[in-house]
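Q: Okay, here's the structure, questions in a sec.
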Amino acid sequence: MSMGYLGEIRMFAGQYAPQEWNLCNGSLVSVNDNQALFSLLGTIYGGDGQNTFGIPDLRGRIPVADGTGTGLTNRVLGQKFGTETVTLAENNLPPHSHQMNASTILSDLSAPVVGQSMIGKDKHYVPANAAGIQTSVLVADTISSTGGNQPHLNVMPVLCINFIICMQGMYPQRNN
C-alpha cells in the first residue's frame, strides 16, 4: 500500500488493516507510541490525553465533513449524530384527513365489496333523527386511528467496507 499521510483515512476492502494502518474502530492507542498522530487527533475521538487517545470509530457510521452549509446544521469534528430507527409521532405528519365516501344511491350488492360503503338495497334500515334526517352509526373500525407506534428502519442502502487510518506515514504540513 502506498505511503499515506499520518491520520489519513481510506476505505479498504480487506478484512484487516495493512501494516502501518489501523482499522477505524474506536480503539484507544498509546500516546507515547504514536506521538505524531496524537499531535493531529488529540482527544477528539476519546482517550485521556495522558496515556491514550482514540482512533475514529467508523463502524456502522457514514463520515461527514465538519462545518455547515446553507440550510444545514453545524457539525463539529468528532461529533456523532443520527439514529438507525425512528418512531414517527402524530406531530411529525402533515395535516390530513381520512374520508369515507358514501352514496344515497341504493346498491344492488348483497355482499361486501372493497370501496363500497353499503350493501343490499333492501337490507338497510336507517332511522331518522329528531330533525328528520336519516343517520346511521358506522362501525368504529371504518375510519378510526391506526398504527403501532413502533420504530421503523431509517437507513439508506449502504455497503459495508472497512475504513483504515494511517498510523505511520508522512506528517501533513499545514497549507498556508
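Q: Can you give me the long-range amide H partners of Asn162? Hydrogens built in the peptide plane at 1.01 Å from N, cutoff under 5 Å, separation of 5 or more residues or another chain.
A: The list, which skips near neighbours in sequence, is Phe12.
Q: Enumerate the amide H contacts of Leu6 below 5 Å, restricted to partners 5 or more residues apart or on another chain; note that Pro and chain-start residues carry no placed amide H.
A: Gly169, Met170, Tyr171
Q: Apply the Karplus parameterisation 6.51 cos²θ - 1.76 cosθ + 1.60, with θ equal to phi minus 60°, to every residue of segment 60-75 and state each ³J(HN,Hα) to the nearest whole Hz, in sequence, with x for glycine and proline.
A: Here the 3J(HN,Hα) series is x, 10, 10, x, 9, 6, 7, x, 8, x, 4, x, 10, 7, 5, 10 Hz.
No lab work stands behind these numbers, since they all come straight from the coordinates. Because the structure is predicted, anything quoted here is derived from the model rather than measured.
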